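The values are calculated or read from the model by the stated rules, or taken from the named source; none is laboratory data. All values reported here derive from a predicted model rather than from experimental measurement. So basically every Cβ, Gly included, is an ideal-geometry build from the backbone, and we count neighbours across all protein chains shown. The protein model used for the area step is the full one, side chains on, heavy atoms only, and it has no ligands, DNA or RNA in it. Shrake-Rupley method; radii C 1.70, N 1.55, O 1.52, S 1.80 Å.
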Amino acid sequence: MNLPVYVIGHKIPDTDSICGALALAELKQKMGVNAMAARIGHLNPETRFILDKLNVESPQYMTTARNTLAEIEIDEAYTVYKGDTLRRAWDICLENNTKTLYVVDENDNLVGMTTIGEISRIQMQDLAITQQLLSQTPIENLEAVLKGKILLKGTLPTNGQVRISDKKLMERDLRGAIMILDDAEDDMLKSMGRGCAIICIAENYVPNDYIIDIAKSMGVTLINTPYNTMKMIQMIYRSIPVELIMTPAHDIIRFNKTEFIQDVEREMLKTRHSSYPVMFQDKLVGSVARYHLLKSKKKQFILIDHNERKQSISDIDYADIIEIVDHHRIGDIETDKPIVFRNMIVGSSCTIVGLMYSEYGIEMSETVAKLICYGIISDTLNFHSPTCTETDRILASRLEKQFGFNHQNMATELFENTATIKGKTFRDILYNDCKEYTLSGKRVAISQVFIYNLDVVDDIEADFLKYMEDENKARKFDLRLMVFTNIEGKGSRFIYTGKLSNFFMGTIKDFEKQGVVSRKKQIVPRLSTELA
């Protein structure tokens, strides 16, 4: 199975990581790579607005880097019906070069499983066992396996014993026996006289009416076949129904196609079966063996807008990271081979992706150009963030001229529609983007929300402070700080509580006067310095 290379941003994805993943995935596709944008969190309102406006589908949602059975190559599940003959099962194995068959009922429900080894053992095992199986075999199975024709269907039950004509024919107790005979009608009469239940007649011979009438009166079944007597003896044991030798479904270890291969492997180690059924919604969809797990390839990822394990997709150790595109500090992700690692001091990962289009000489579509511009606008607070660089501005200006965009109009429309706390609960506001720090042994929590109009803070300030104080009774942060930042980088408003509130009162007033907007570059460093 040819899985794509997943281009994926960080947990709690922002606009930069989503737009960057989409733009980079399209770049890789134009370079001949089977790439797909993905995400590991839900879209925020801002990103949803952008994708809806551009009519772009959301990246595929993923929760783990591990493979499921549905994502690796497994075998087709070859099936037989429970009433099919062993000969039919044998032929299916040979035709499809498989050693395992799954037995289903008329509704295709899994009822059992058998192997070519179990089928071949039938003629090698104790004769009494085989006779017992033949005694339960329908006459129609005999007809099918011998490619014959039922001339007369009798009423006598068979005991599964198979006999041929010999010198002691008249001395044997043939009650319930299956007789293998040629065209000797005298032997047919003798066999019926000794109580046989079924007579299989070689080379398509049809006995005379007298023989047929005698058979009818005695309840004997007559079947003729094109095979000779030796072939009939060879084939007759293959008429046994599969259901009589199969392992019943309740004794079979089975897997769902949504199970992770590591969990499947753990269960396989408990048994010695060669293959196992793979199910989905109670229906058989495939067959898996150990070698499928051993040859399965890891998922491949290109990480964008992050390079730390805690920010990346769960179970990243089970994946192959083949490339990283980021504008943050170097984190702790390790790889077992060299990769392309693009890390730049810019305000947005989308800026790096835009530069890559130019470097590879690949023309971006208008949609990708807008995705990149929106990513830059969002991550640089419309070029007002202290993280914004001249590189961001130059790229955005070039795209503006090339595609006829107006960044200010794009930013205004975006922020007016998404940078608001209207309709949000206090819990959503406080916990949507909350980061915890330990600064000189003090526990500090800083939440940040971006809004277009800072005046709305006046309407909620008293009630929101009370909510923060109630929340902090359980968490007991030394400082709990809520930062309402203008989405265009034109300053912030602060609400705070905790034991260090008075200590930091002057510092926070300075933040408001100075128009501080960055938690990472401005707020945390200053608080850390004050506590040192």
Within the bounds of segment 120-131, is there any residue that is under 42 Å from the mean Cα position of the chain (by Cα), in contact (Cβ under 8 Å) with a residue 24 or more places away in the chain and crowded, with 18+ Cβ neighbours inside 10 Å? yes
Kindly indicate the residue of segment 106-116 that is in contact with a Phe, Trp or Tyr (Cβ under 8 Å, 6 or more places away or on another chain) and at pLDDT 95 or above and also farthest from GLN234 (Cα to Cα) among those meeting that condition. LEU110
For segment 163-205, give me the residue count where each residue is within 24 Å of ILE240 (Cβ to Cβ) and either open to solvent by less than 60 Å² (accessible area, probe 1.4 Å) or in contact (Cβ under 8 Å) with a residue 60 or more places away in the chain (or both). 18
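From GLY354, GLY361, GLY286, grab the single residue that is farther than 30 Å from ASN55 by Cα and at pLDDT 95 or above. Break it down into steps so the answer makes sense when it comes.
Numbers: GLY354 fails: farther than 30 Å from ASN55 by Cα; GLY361 fails: farther than 30 Å from ASN55 by Cα.
The conditions single out GLY286.
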Options ASN208, ASN224; residue that is over 25 Å from GLU171 (Cβ atoms) and touching a Phe, Trp or Tyr at 6+ places or on another chain (Cβ under 8 Å): ASN224
For segment 6-33, which positions are open to solvent by 10 Å² or more (accessible area, probe 1.4 Å), within 15 Å of THR64 (Cα to Cα) and either among the β-branched types (Val, Ile, Thr) or part of a helix (DSSP H, G or I) (or both)? ILE12
Residues of segment 59-81 satisfying the condition of being assigned to a loop (DSSP other than H, G, I, E, B) and buried (at least 16 other Cβ atoms within 10 Å of the Cβ): PRO59, MET62, ALA65, ARG66, ASN67, ILE72, ILE74, ALA77, TYR78
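Given the criterion touching a Lys or Arg at 6+ places or on another chain (Cβ under 7 Å), in contact (Cβ under 8 Å) with a residue 60 or more places away in the chain and not small (Gly, Ala, Ser), identify the matching residue among ILE316, ILE322, ILE304.
Going through ILE316, ILE322, ILE304 in turn, the sole match is ILE316.
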Within segment 495-502, can one find any residue that is without any contact (Cβ under 8 Å) to a residue 12 or more places away in the chain and at negative phi? yes
I need a count of the residues in segment 86-122 that are more than 16 Å from ASP282 (Cβ to Cβ), of a type in the set (A, V, I, L, M) and touching a helix residue (DSSP H, G or I) at 6+ places or on another chain (Cβ under 6 Å). 6
In segment 293-318, what count of residues is obtained for those that are out of contact with any Ser or Thr (no Cβ under 8 Å at 6 or more places or on another chain), assigned to a loop (DSSP other than H, G, I, E, B) and surrounded by 21 or more Cβ atoms within 10 Å (Cβ to Cβ)? 3
Is it fair to say SER358 is among the hydroxyl-bearing types (Ser, Thr, Tyr) and closer than 12 Å to ALA23 by Cα? no
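Among the residues of segment 79-87, is there at least one that is among the small types (Gly, Ala, Ser), in contact (Cβ under 8 Å) with a residue 12 or more places away in the chain and within 19 Å of VAL278 (Cα to Cα)? Steps first, please.
Filtering segment 79-87 down to residues among the small types (Gly, Ala, Ser) leaves 83.
Then keep just the ones that are in contact (Cβ under 8 Å) with a residue 12 or more places away in the chain; that gives 83.
Adding the requirement that they be within 19 Å of VAL278 (Cα to Cα) leaves none.
Within segment 79-87 (the criterion being among the small types (Gly, Ala, Ser), in contact (Cβ under 8 Å) with a residue 12 or more places away in the chain and within 19 Å of VAL278 (Cα to Cα)), the answer is no, since none of the residues qualifies.
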Given LEU51, LEU101, which one is open to solvent by less than 30 Å² (accessible area, probe 1.4 Å) and part of a helix (DSSP H, G or I)? LEU51
With respect to THR258, is the statement that it is of a type outside the set (Lys, Arg) and modelled with pLDDT of 95 or more true? yes
Restricting attention to helices (runs of 4 or more DSSP H) lying wholly within segment 136-246, give those where 2 or more residues are in contact with a strand residue (DSSP E or B) (Cβ under 8 Å, 6 or more places away or on another chain), of a type outside the set (S, T, N, Q) and under 27 Å from ASP91 (Cα atoms). 139-145, 229-236
Determine if segment 199-206 includes at least one residue that is at pLDDT below 95, out of contact with any Cys (no Cβ under 8 Å at 6 or more places or on another chain) and not small (Gly, Ala, Ser). no
If you check every pair at least six apart or on different chains, which have Cβ atoms under 9 Å apart with a residue in segment 228-249 that is at positive phi first and a residue that is part of a helix (DSSP H, G or I) and crowded, with 20+ Cβ neighbours inside 10 Å second? none
Looking at (1) within 17 Å of VAL325 (Cβ to Cβ); (2) over 34 Å from the mean Cα position of the chain (by Cα), find the lone condition where MET356 falls short. (2)
